[in-house]
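Colleague: Have a look at this one before I ask anything.
The values are calculated or read from the model by the stated rules, or taken from the named source; none is laboratory data. Since this is a predicted model, take the numbers as computed values, not measurements. Cβ: placed from backbone, ideal geometry, glycine included. Neighbour counts: every protein chain shown.
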Ligand code: PLP
């Protein structure tokens, strides 16, 4: 019996699958049950920033397991405190405290709850083309089609358009124009919804799985100013981009702004043990110094998870991972992916930053019609299935999301593995070219 059939899998049609079974990993590679090594160009779901089996993280978990595996969240814990110290140390100015959760979606739920309690207001603004998680509030905040099946329209969420020049909602022809128009639109939304009804605005400072969208210069500053002017809590969702992925500790650092709450997970410990959290700004923290925070989690600040974060952040400092991520973008992935555009008519756009890139595939460069429609399965998804198969047969694990190929290897990937991965993408994209109109 195939044991995989006993597992209920998130997001996909259930049923027998023909997929490799992974049993091991090392650095940028995962190893299947037949001993075949795949180069991981996905960092799984963009979380193994330090690759697989990083010795320092593994040692930190083992050492903590030998000492104290678990502890209730109300007790003081040395390793939890040390993890908080290391996180606060690299965080933007003024974010001095950490609420630990066991993942990203939970952290979003808490950030929104904190903002509502702090302001006494109900609504939250979120961008179209965003992903904030799949629990009730976080899936409603999500601004892409992953929300549709779960949307009851009842979470107090209002969506707005963020800047996205390739598919501009504002007919812009330059990043400057897109920035100005997106901010004017956002201000209109705030004024028409009523600032006194809006608790928070949540934003991925670089959009991750909904399209790898880097905002134009000035946009994050403009959002920060609008939030400050109207007493709205600015929540940065850095779950995917935080802890170095974009070539800065946090993506908000590129815009030199500090949010009021910052949500993280994934890269904080390369996902070795489930961990997420909310960095809480000082004025909001004060709200709860004379009033109990009315929520919690049994495993908040789990010692094994915190130990893995201590190991991971220590390694990131010592190995210069943030600078390596920036170089990965400017010297390797950026130029390498841009070069593919000339070879492949199916490529509509290449964009990204640091260790996070996307190749957007279209049927027609003029109309920009996506190569496969939203939610495509079976025959409708044939182009992406053919591309994926071509990658796997060449021992590359790609990250395909709808009509886009996201390129996000471990930030520790070496130049020769990165070049191998780019060469395989080049070959596999030929399969997708067959479907261009
Ligand atoms: N927010 C962003 C930007 C994400 O990328 C994700 C997950 O991919 C989440 C929230 C949800 O995190 P989790 O899957 O850990 O619940």
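Colleague: Might you check whether a residue that is at pLDDT below 95 and within 23 Å of the chain's Cα centre (by Cα) occurs anywhere in the range 376-394?
Modeller: Within the range 376-394 (the criterion being at pLDDT below 95 and within 23 Å of the chain's Cα centre (by Cα)), the answer is yes, since at least one residue qualifies.
Colleague: Please return the ranges of strands (runs of 3 or more DSSP E) entirely within the range 265-383 where 3 or more residues are not assigned by TED's automatic domain parsing to the domain that holds residue 241.
Modeller: Ranges flagged: 347-353, 356-361.
Colleague: For the range 233-248, state whether one or more residues are buried (at least 24 other Cβ atoms within 10 Å of the Cβ), in the same structural domain as residue 127 (by TED's automatic domain parsing), assigned to a helix (DSSP H, G or I) and more than 14 Å from the ligand (Cβ to nearest atom).
Modeller: There is no residue in the range 233-248 that is buried (at least 24 other Cβ atoms within 10 Å of the Cβ), in the same structural domain as residue 127 (by TED's automatic domain parsing), assigned to a helix (DSSP H, G or I) and more than 14 Å from the ligand (Cβ to nearest atom).
Colleague: I'd like the residue in the range 250-278 that is farther than 24 Å from residue 80 by Cβ and in contact with a helix residue (DSSP H, G or I) (Cβ under 9 Å, 6 or more places away or on another chain) and, out of all such residues, is nearest to the ligand (Cβ to nearest atom).
Modeller: Only one residue fits best here, namely 251.
Colleague: Another question, if that's okay. Among the helices (runs of 4 or more DSSP H) contained in the range 53-169, which hold 2 or more residues that are within 30 Å of residue 188 (Cβ to Cβ) and within 16 Å of the ligand (Cβ to nearest atom)?
Modeller: Because the criterion is at least 2 residues that are within 30 Å of residue 188 (Cβ to Cβ) and within 16 Å of the ligand (Cβ to nearest atom), the helices (runs of 4 or more DSSP H) in the range 53-169 that meet it are 104-119, 136-141.
Colleague: Please determine whether any residue of the range 171-192 is within 16 Å of the ligand (Cβ to nearest atom) and assigned by TED's automatic domain parsing to the domain that holds residue 281. Full working, then the answer.
Modeller: In the first step, residues of the range 171-192 are kept if they are within 16 Å of the ligand (Cβ to nearest atom); the result is none.
Among the residues of the range 171-192, not one is within 16 Å of the ligand (Cβ to nearest atom) and assigned by TED's automatic domain parsing to the domain that holds residue 281, which makes the answer no.
Colleague: Taking the conditions exactly as written (touching a helix residue (DSSP H, G or I) at 6+ places or on another chain (Cβ under 9 Å), within 18 Å of residue 10 (Cβ to Cβ) and buried (at least 16 other Cβ atoms within 10 Å of the Cβ)), does residue 211 satisfy them or not?
Modeller: Criteria not met by residue 211.
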